[in-house]
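Read-outs throughout are calculated quantities, based only on the coordinates presented, and are distinct from any laboratory measurement. It should be emphasised that the depicted structure is a prediction, and the values quoted were computed from it without experimental measurement. Here the Cβ positions follow ideal geometry from the backbone for every residue, glycine too, while neighbour counts run over all protein chains shown.
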Amino acid sequence: MLFFAQKGTMEKAHDKIALPLIRILDNISAGLSLVRYPKKITACLIYSFLVWGVQACALYIMAKGCPGIDLSLMELTAVFVILCFFIALPSVPGFWGLWEAGGVFGLALFGIKAENAAGFALASHAIMMFPVMIAGMISAFMLGINILAVSFPGQDEIG
C-alpha cells in the first residue's frame, strides 16, 4: 500500500500498524478456537448461566430481607446486569463505588427510593465480596503465599 514511501517509513508503518493488527487478529483467532469444540462451548455457556443465576438468586434472597426492596427475580436479574455494566468500568479493586452506583441506578429504574437502594447495594456488595476475599486469603495462607511479597515484589521487608 505504501509502495511509494521510503524504506524507513515503510518499516515504521509495519512496526506501528501491521504488527499490532496481526497481534489483534491472532488473539481473536485464539479466542475463537473454542468454536471447534461444541462440548466445551456448551459447558462454558452452562457454567456461565449457572454463575449468573446464583448471583441473581443471591440478590433476590437478600432483597426479601430488605425493607423497601420488593422486586421479582427477573427485575433483580436486570438490576444485576446493569450493575455488571457499571463494574466493567475502570475502578478501584473490589469495584467499591461503582457497584453501589450501579445498584442505585438499577433499582431506581424500578422505582426504589435512593436511600433503600443505597443500603441494599452496599450490603449486597459486602455480602458478595467478603466471602470471596476471605476464601482467597485462606487459600493464600494454606498455599504459603506471602501477600506482602506478592504486592511489593523485589522488596524483602516493608518499612
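Under the convention that each Lys and Arg Cβ holds +1 and each Asp and Glu Cβ holds -1, the size of the dipole of the range 35-151 around its Cα centre is about 500 debye.
Dividing the mean sequence gap of close Cα pairs (under 8 Å, 6+ apart) by how many residues the range 35-151 holds gives a relative contact order of 19 percent.
Please give the length that would be gained between residue 96 and residue 129 if that part of the chain were fully extended, namely 0.36 nm times their separation in residues minus their C-alpha to C-alpha distance (nm, one decimal). Display every interim value, and only then the final one.
Numbers: separation 33, 0.36 × 33 = 11.88 nm, distance 1.01 nm.
Working it through step by step, the gained length comes to 10.9 nm.
Between 76, 24, 135, the Cα set farthest toward the positive side of the dipole of the chain (charges on each charged residue's Cβ, about the Cα centre) is that of 24.
Expressed as a fraction of 2.2 N^0.38 Å, the value expected for a compact globular protein of N residues, the C-alpha radius of gyration of the range 77-120 is 1.07.
Note that the range 42-159 carries a Kirkwood radius of 16.1 Å, evaluated over its alpha carbons pair by pair.
Phi angles across the range 50-63 convert, under the Karplus curve 6.51 cos²θ - 1.76 cosθ + 1.60 with θ = phi - 60°, into 3J(HN,Hα) values of 5, 4, 5, x, 5, 5, 5, 5, 4, 5, 5, 5, 5, 5 Hz, Gly and Pro given as x.
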